[in-house]
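Student: One structure, pasted below without further comment.
The values are calculated or read from the model by the stated rules, or taken from the named source; none is laboratory data. Computed from a predicted structure; not experimentally measured. Here the Cβ is made from the backbone with ideal geometry for all residues, glycine too, and neighbour counts use every protein chain on show. These area figures cover heavy atoms from the full protein model, side chains too; ligands, DNA and RNA do not enter into them. Shrake-Rupley method; radii C 1.70, N 1.55, O 1.52, S 1.80 Å.
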Amino acid sequence: MSNKIIIIDYGAGNVKSLGNMLEFLGCEYEITDDREKILNAKKIIFPGQGHFEQAMNKLNAKNLPEVIRKTIDNGANFLGICLGLQVLFEKSEEAPNVEGLGIFKGEVKKFHKGKIPQIGWNNIKTTQANTYLQDDYFYFVNSYYVVPEDKSIISSITNYHIDFCSSVQKNNICAVQFHPEKSSEAGIKFFKKWLM
């Protein structure tokens, strides 16, 4: 198994900030869609930004959904960021006819109040499911939010006209709606814990 952090390349998502954060923390990483490299990784990051349908179409075209599921089943530490959280669920209002990875039961819904997308700093309130985060302000860019069937996986709540799930955590999976790589000191603290 490689100690290198694998960032899944699905042809979308701005990974420059993520790369900068990992370099700042002295981590070796590779951006790839190579199935073997993903399967052999100890730590995987699915980066954010993009459209649910486009992301799933690209993952399917590269036969990556099965690889991602298998890698998670094998115990690799998985971190999903923004869209990388949303694709873990079964479906999204952004693309009603497209199946997500279905790792968690539940769906992705659109905000109907306030300025959409939500852009900027917002605070999170952690729950008992959390081990990596702390109550703090993180940077969000999102029009959609996840609604897990299993409420016990919700690791933080944020309010944007409604209370919504801003992160989930279960076993070796951690996924966040915000962008820790753009969240200054709070993001650095999060990555340091996740990378341990």
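Student: Kindly list, by first and then second residue, each pair from a residue in region 63-81 that is at pLDDT 95 or above to a residue that is buried (at least 19 other Cβ atoms within 10 Å of the Cβ) and among the charged types (D, E, K, R), limited to pairs with Cβ atoms under 6 Å and residues at least 6 apart or on different chains.
Tutor: Every condition considered, the pairs that remain are 77/43.
Student: Of all residues in region 160-175, count the ones that are over 19 Å from residue 41 (Cβ atoms) and of a type in the set (A, V, I, L, M, F, W, C).
Tutor: Count: 4.
Residues checked against (1) of a type in the set (Lys, Arg); (2) touching a residue at least 60 places away in the same chain (Cβ under 8 Å); (3) in contact with a helix residue (DSSP H, G or I) (Cβ under 6 Å, 6 or more places away or on another chain); (4) open to solvent by 70 Å² or more (accessible area, probe 1.4 Å):
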position	(1), (2), (3), (4)
118	no, no, no, no
124	no, no, no, no
130	no, no, no, no
136	no, no, yes, no
139	no, no, yes, no
142	no, yes, no, no
148	no, no, no, no
153	no, no, no, no
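Student: I've got another one for you. Within region 50-87, work out how many residues are buried (at least 18 other Cβ atoms within 10 Å of the Cβ), over 20 Å from residue 196 (Cα atoms) and not aromatic (Phe, Trp, Tyr). Step through it out loud before you land on a result.
Tutor: Start the filter on region 50-87 by keeping residues that are buried (at least 18 other Cβ atoms within 10 Å of the Cβ), which leaves 50, 52, 55-56, 59, 64, 67-68, 71-72, 76-87.
Keeping just the survivors that are over 20 Å from residue 196 (Cα atoms) gives 50, 52, 55-56, 59, 64, 67-68, 82-87.
Subsequent filtering for residues that are not aromatic (Phe, Trp, Tyr) retains 50, 55-56, 59, 64, 67-68, 82-87.
Number of matching residues: 13.
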